[in-house]
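The values are calculated or read from the model by the stated rules, or taken from the named source; none is laboratory data. Computed from a prediction, not measured in an experiment: that's the story for all the values here. Virtual Cβ from ideal backbone geometry, glycine too; neighbours counted across all protein chains shown.
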Amino acid sequence: MTGTSGKALRDGRGRAVSYLRLSVTDRCNLACMYCRPKESFTFIGHDKILRYEEMLDLVGLARDMGIVKLRLTGGEPFARRDFMSFVASIRERYPEMDLRITTNATLLAGRPAMLAKLGVSAVNISLDSLDQATFARITGHDRLSAVLQGIGECLEAGIRVKINAVALRGINTAEIPAFVAMAEKSPIDVRFIEFMPVGDGNLWRPENYISAQDVVELASRAAEFVPDDSDRATGGPARMYRIAGGAGRFGVISPLSEHFCDTCNRLRITADGKLRTCLFSTKEYRLRAMLRNPALGLAAVRRVIALALRTKPLGYEVLDPGTAGKTRGMSAIGG
Ligand code: SAM
């Protein structure tokens, strides 16, 4: 976990920072009811989106500063043109980077074999329902079969699969046993995430919120759960359970009821080149103009990242109704 200086990157509170989430686009081919429904579609202009070459330079800088794990996200990353070539370029330039992707998997089929070749170690797939009609209701598109095809190909290619489902009371909670069965049958980690009041707060409904603890309660009726602390031990946000006699695991991510800010090791860069040190804070640092100014460039960006890290928040703001709902939407931040 060290950069070229030989020192681990740390924030002002002493937390090690080793993980960058880079959003390659704010555009998405789905319209999930909890993230960005159809009527609210406005996209960032092309000229404001970082070019792949600029992203490659930022990844190199992050690597030099101590980032060892990179997650490509969006919007939908596979919806950006030439995304696979970008992944190949990252691998070529930064062979040692632990490279992962977060995707809705609707455009994944046909690509996992190549991703495995490029050393993508894990793919996180957002999948909120295993029922065709509910999937279409949540996402606005009837694409469940494409997602399942992509998941199957990842497993065949030997890529680790994590499924992320946003827990929506009354919408997909009846399917918790079906998700447990999925994790029992296949070597997959299924994680239910608490519905967060980020972005346009109008999307968040208290009646659709269910705590991680209640999800575990429902899920543990479907199988015998054995707590597995290995993710937490390595700074991961999920509380996981092995399923007795099963191939995979089930777990929950609880940003609201039991936040994990004390061990937050993340930085985020949005597709339009803004650095965020905390998902829940409104504070952003504009890197794009600096990057495009030859007099400033990466040296200035490095200084800004170092400065931003000094004040990386504790993140409890999400629990503050004054801030919740005022940050950008997840599709613009990258989750
Ligand atoms: N398109 C990709 C995908 O679907 O995985 C990447 C971007 S998506 C914004 C990243 C993650 O954010 C997804 O797992 C999504 O479910 C999650 N997300 C979006 N809005 C959320 C919310 N209000 N609460 C909890 N998770 C949310």
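Give the residues of the range 154-166 that are more than 21 Å from the chain's Cα centre (by Cα) and either among the β-branched types (Val, Ile, Thr) or part of a loop (DSSP other than H, G, I, E, B) (or both), sorted by residue number.
Within the range 154-166, no residue meets the criteria.
Listed residues 31, 109; which is assigned to a loop (DSSP other than H, G, I, E, B), within 16 Å of the ligand (Cβ to nearest atom), modelled with pLDDT of 95 or more and touching a helix residue (DSSP H, G or I) at 6+ places or on another chain (Cβ under 8 Å)?
109
Can you pull out the residues in the range 155-193 that are in contact with an Asp or Glu (Cβ under 9 Å, 6 or more places away or on another chain), under 26 Å from residue 113 (Cα atoms) and polar (S, T, N, Q)?
Matches in the range 155-193: 164 only.
What's the number of the condition residue 222 fails, among (1) farther than 16 Å from residue 179 by Cβ; (2) surrounded by 15 or more Cβ atoms within 10 Å (Cβ to Cβ)?
Of (1) farther than 16 Å from residue 179 by Cβ; (2) surrounded by 15 or more Cβ atoms within 10 Å (Cβ to Cβ), only one is false for residue 222: (1).
When you scan the range 83-101, do you find a residue that is among the aliphatic types (A, V, I, L, M), within 15 Å of the ligand (Cβ to nearest atom), within 24 Å of residue 270 (Cα to Cα) and in a loop (DSSP other than H, G, I, E, B), even just one?
No, the range 83-101 contains no residue that is among the aliphatic types (A, V, I, L, M), within 15 Å of the ligand (Cβ to nearest atom), within 24 Å of residue 270 (Cα to Cα) and in a loop (DSSP other than H, G, I, E, B).
How about the range 167-205: which of its residues are within 13 Å of the ligand (Cβ to nearest atom), in a helix (DSSP H, G or I) and surrounded by fewer than 17 Cβ atoms within 10 Å (Cβ to Cβ)?
Of everything in the range 167-205, those that are within 13 Å of the ligand (Cβ to nearest atom), in a helix (DSSP H, G or I) and surrounded by fewer than 17 Cβ atoms within 10 Å (Cβ to Cβ) turn out to be 201, 202.
Among the residues of the range 234-259, write down those that are under 17 Å from residue 194 (Cα atoms) and in a loop (DSSP other than H, G, I, E, B).
Result: 236, 237, 254, 255, 256, 257, 258, 259.
Which condition does residue 169 not pass, out of (1) charged (D, E, K, R); (2) more than 17 Å from residue 134 (Cβ to Cβ); (3) touching a residue at least 24 places away in the same chain (Cβ under 8 Å), if it passes all the others?
Of the numbered conditions (1) charged (D, E, K, R); (2) more than 17 Å from residue 134 (Cβ to Cβ); (3) touching a residue at least 24 places away in the same chain (Cβ under 8 Å), the odd one out for residue 169 is (2).
Search the range 69-84 for residues that are free of Cβ contacts under 8 Å to residues at least 60 places away in the same chain and pair each with any residue that is part of a helix (DSSP H, G or I) and near the ligand (Cβ under 9 Å from one of its atoms) when their beta-carbon atoms are under 9 Å apart and the residues are at least 6 apart or on different chains.
What qualifies is 76/331; 83/77; 84/78.
If you take the residues of the range 61-76 that are surrounded by fewer than 24 Cβ atoms within 10 Å (Cβ to Cβ) and hydrophobic (A, V, I, L, M, F, W, C), which of them is nearest to the ligand (Cβ to nearest atom)?
Residue satisfying both the conditions and the ranking: 70.
Looking at the range 142-153, is at least one residue of a type outside the set (Lys, Arg), more than 10 Å from the ligand (Cβ to nearest atom), touching a residue at least 12 places away in the same chain (Cβ under 8 Å) and assigned to a loop (DSSP other than H, G, I, E, B)?
No, there is no match, as no residue in the range 142-153 is of a type outside the set (Lys, Arg), more than 10 Å from the ligand (Cβ to nearest atom), touching a residue at least 12 places away in the same chain (Cβ under 8 Å) and assigned to a loop (DSSP other than H, G, I, E, B).
Considering each of 262, 231 in turn, give the residue that is outside any loop (DSSP other than H, G, I, E, B), closer than 26 Å to residue 35 by Cβ and at pLDDT below 95.
Going through 262, 231 in turn, the sole match is 231.
Any residue at all in the range 98-111 that's closer than 23 Å to residue 197 by Cβ and surrounded by 17 or more Cβ atoms within 10 Å (Cβ to Cβ)?
Looking for residues that are closer than 23 Å to residue 197 by Cβ and surrounded by 17 or more Cβ atoms within 10 Å (Cβ to Cβ), one finds at least one in the range 98-111, hence yes.
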